[in-house]
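**Q** Dumping the structure here so I can ask a few things about it.
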Ligand code: ADP
């Protein structure tokens, strides 16, 4: 049987419990999962690429062990569809939050289908507790010394504290 390989791309600046929840759902659909950490210089990330990759990797051993799905964390800079082809992914996983995500994702899927119609994008919704979490807001709250414990894994909360101290 052909193995289903999924790709979950994102900036993960930083990894939140919303991302973790999506990953825990994605592993139910695929045999192997590649998590693509976008270099995303345009977005001016707070955390370096190495820091973001390390944050994601720290959570993966547990999820991989629990699900039996191999998870690989890989940085990428090129076009998403090209990266998906390079890693041999047949499925791209994206998370959907509110209507605000929809417009952007709708356009992306349309364009990506023109680039490669063999690769399907699937959208997953996080548990209701995590649906409103956004990396951008987590950084804003952390910068203003607010409590972010319920939005990110403990090691990410520590890293944010250090960044803003
Ligand atoms: P990007 O720059 O690609 O938007 P992000 O790291 O912000 O990177 O998000 C990666 C993916 O995870 C996107 O599909 C985004 O919609 C999804 N995502 C982020 N936070 C949540 C959340 N709280 N619930 C569901 N999906 C989420």
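**Q** Is it the case that residue 105 is over 23 Å from residue 59 (Cβ atoms) and within 13 Å of the ligand (Cβ to nearest atom)? Steps first, please.
**A** Values: over 23 Å from residue 59 (Cβ atoms): yes; within 13 Å of the ligand (Cβ to nearest atom): yes.
Yes: the conditions hold for residue 105.
**Q** If you go through region 81-101 one residue at a time, do you hit one that is on the phi > 0 side of the Ramachandran plot and at pLDDT 95 or above?
**A** First, the residues of region 81-101 that are on the phi > 0 side of the Ramachandran plot: 88.
Keeping just the survivors that are at pLDDT 95 or above gives 88.
The answer is yes, given that some residue of region 81-101 is on the phi > 0 side of the Ramachandran plot and at pLDDT 95 or above.
**Q** Consider residue 65 carefully, then state whether it is away from the ligand (no atom under 14 Å from the Cβ), over 15 Å from the mean Cα position of the chain (by Cα), closer than 27 Å to residue 159 by Cβ and assigned to a helix (DSSP H, G or I). First the steps, then the outcome.
**A** On the way: away from the ligand (no atom under 14 Å from the Cβ): yes; over 15 Å from the mean Cα position of the chain (by Cα): yes; closer than 27 Å to residue 159 by Cβ: yes; assigned to a helix (DSSP H, G or I): yes.
In short, yes.
**Q** Taking the condition assigned to a helix (DSSP H, G or I) and exposed (fewer than 12 other Cβ atoms within 10 Å of the Cβ), does residue 118 pass? Write out each step before concluding.
**A** Working: assigned to a helix (DSSP H, G or I): no; exposed (fewer than 12 other Cβ atoms within 10 Å of the Cβ): yes.
Judged against the criteria, residue 118 is not a match.
**Q** Just checking, which of 34, 73, 27, 56 is closer than 25 Å to residue 114 by Cα, touching a strand residue (DSSP E or B) at 6+ places or on another chain (Cβ under 8 Å) and either at pLDDT 95 or above or surrounded by 16 or more Cβ atoms within 10 Å (Cβ to Cβ) (or both)? Break it down stepwise before answering.
**A** Details: 73 fails: closer than 25 Å to residue 114 by Cα; 27 fails: closer than 25 Å to residue 114 by Cα; 56 fails: closer than 25 Å to residue 114 by Cα.
Just a single option satisfies the conditions, and that option is 34.
**Q** Within the group 127, 101, 86, which residue is assigned to a loop (DSSP other than H, G, I, E, B) and surrounded by fewer than 16 Cβ atoms within 10 Å (Cβ to Cβ)?
**A** Result of the check over 127, 101, 86: 127.
**Q** Taking region 37-46 as the search range and keeping residues that are touching a helix residue (DSSP H, G or I) at 6+ places or on another chain (Cβ under 9 Å) and surrounded by fewer than 22 Cβ atoms within 10 Å (Cβ to Cβ), which one is modelled with the lowest pLDDT? I'd like the intermediate steps shown before the answer.
**A** First, the residues of region 37-46 that are touching a helix residue (DSSP H, G or I) at 6+ places or on another chain (Cβ under 9 Å): 37-40, 45-46.
Now restrict to residues that are surrounded by fewer than 22 Cβ atoms within 10 Å (Cβ to Cβ): 38-40, 45-46.
Numbers: 38: 96, 39: 93, 40: 82, 45: 94, 46: 97.
This residue is 40.
**Q** I would also like to ask the following. If I ask for residues that are in contact with a strand residue (DSSP E or B) (Cβ under 9 Å, 6 or more places away or on another chain) and more than 30 Å from residue 150 (Cβ to Cβ), which ones from region 92-132 would you list?
**A** Of everything in region 92-132, those that are in contact with a strand residue (DSSP E or B) (Cβ under 9 Å, 6 or more places away or on another chain) and more than 30 Å from residue 150 (Cβ to Cβ) turn out to be 109, 112, 113, 119, 120.
The values are calculated or read from the model by the stated rules, or taken from the named source; none is laboratory data. Because the structure is predicted, anything quoted here is derived from the model rather than measured. Neighbour counts are summed over all protein chains in view; Cβ atoms, including those assigned to glycine, are modelled from backbone coordinates with ideal geometry.
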